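One structure is given here, and the rest of the page talks about it.
Each reported figure results from applying straightforward, stated rules to the coordinates on display, with no laboratory input. Because the structure is a prediction, the values reported are computed rather than measured. Here Cβ is always computed from backbone atoms with ideal geometry, including for glycine, and neighbour counts include all displayed protein chains.
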Amino acid sequence: MIRAFAIAPVLLMLALSPAWADARLTVLVDVLKLREAALILREEGITYAEDLNTDMLAGDGGAGWQQQVEAIYDPARMVEMVRRDLKIGVFGEDRGDVIAFFSSDLGVQIVDLENSARAAIQDPDIEAAARERYAALAGGDDPRLAMIHEMVEGGDMINRNVTSAMNANYQFMRGLVTGGALEMSDDDILRDVASEIDEITEDTTAWLYGYMLLAYSPLSDDELATYVAFAQTQAGQSLNAALFDGFGKAYEDISYALGRAVALNMTAQEL
């Protein structure tokens with residue numbers, strides 16, 4: 001008994017040490033498969049940049065534009081920015097609870113389903129089908145949509161997504177201004193971005209529900225209910241907030257860099 005009490009303080013000190021906390025943070029990043037998610041978002045971003053090349057650079061961006069885009073959508077930087085918010089937003093027992101849930105068979109399956117759906121919905125046909133499915137169910141009494149709605153409302157996901165999108169749009173336009181492609185004041189940019197809020201909200205709602213219906217379709221009703229219940233816990237809420245904060249900041253940086261890169265390429269074409 002004396003031996004046990006002698007060891008206990010050492011274990012307590014270990015659990016509270018920075019090295020132990022950092023190790024648990026690494027485990028958290030791993031179980032959430034953030035590196036895999038960042039690679040998917042990188043591919044999504046590269047596709048978006050191809051549209052920018054067509055729409056804003058007349059398709060003349062070339063290899064230089066491609067190199068800039070690949071540098072901007074750096075998956076390691078995305079993961080690091082999210083990691084920082086996880087470090088300050090998900091700690092103590094919450095961190096342990098999140099790790100425990102996403103280390104379980106159901107948690108692993110959910111992360112894989114979310115990443116697979118995010119990759120799949122990049123296909124315009126799959127995205128259109130997902131949106132159509134949501135439109136067909138909206139306003140009805142579908143029990144699975146009701147569970148997803150509970151998760152969306154509990155995590156304030158529409159508002160968080162809309163805010164992130166508007167912040168990203170603001171930063172993109174700031175990049176265009178600082179790069180010399182536009183002459184607008186901050187107030188002008190804010191008014192321009194604010195004018196899009198209704199359109200962004202409608203689009204975000206259809207996309208988010210369509211995506212979640214697609215992602216969780218392989219889950220049984222009981223499995224989905226278990227996930228919804230976890231999302232309502234303090235640990236689930238902390239995780240949700242930290243992920244939105246981290247990815248939101250990452251996309252603000254990306255959007256500014258992308259806007260500036262577009263502007264500099266436009267200026268170079270004019271010379």
- Could you grab the relative contact order for the range 147-215? Cα pairs under 8 Å, six or more apart, rounded to a whole percent. 46 percent
- Message: At a threshold of 8 angstrom on Cα-Cα distance, excluding pairs fewer than six apart, so keeping six or more, what relative contact order does the chain reach in percent?
- Response: 32 percent
- Here the range 82-168 gives, from Cα atoms, an Rg and Dmax in Å of 15.8, 43
- Note on the structure: Rounded to the nearest 0.05, FRET efficiency between residue 66 and residue 100 (Cβ-Cβ, R0 45 Å) equals 0.60
- Against the rule of thumb 2.2 N^0.38 Å, how large the Cα Rg of the range 213-267 comes out: 1.81
- Task: Could you tell me what fraction of 2.2 N^0.38 Å the Cα radius of gyration of the range 125-227 comes to, as a two-decimal ratio?
- Result: 1.36
- Item | Expected 222 nm ellipticity per residue - DSSP helices of 4 or more, -39500 (n - 2.57), all of the chain, to 500 | -28000 deg cm²/dmol
- Counting only DSSP loop positions in the range 176-267, the GluC sites (Glu not before Pro) whose Cβ has at most 11 other Cβ atoms within 10 Å are 183
- Enter the per residue convex hull volume of the range 17-270, computed from alpha-carbon coordinates, in Å³ rounded to the nearest integer. 134 Å³
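Once Rh for the range 153-204 is found with the Kirkwood sum over Cα pairs, what is the Stokes-Einstein diffusion coefficient at 25 °C and 0.890 mPa s, in µm²/s? Mind showing how you got there, number by number?
Details: Rh = 11.7 Å.
The Stokes-Einstein estimate is 209 µm²/s.
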- Task: In debye, nearest 20, what is the charge dipole magnitude of the range 17-270 about its Cα centre with +1 on Lys and Arg Cβ and -1 on Asp and Glu Cβ, if you could check?
- Result: 880 debye
- Query: Taking the Cα atoms only, what angle lies between the long axis of helix 157-178 and the longest principal axis of the chain, rounded to 10 degrees?
  - Reply: 40 degrees
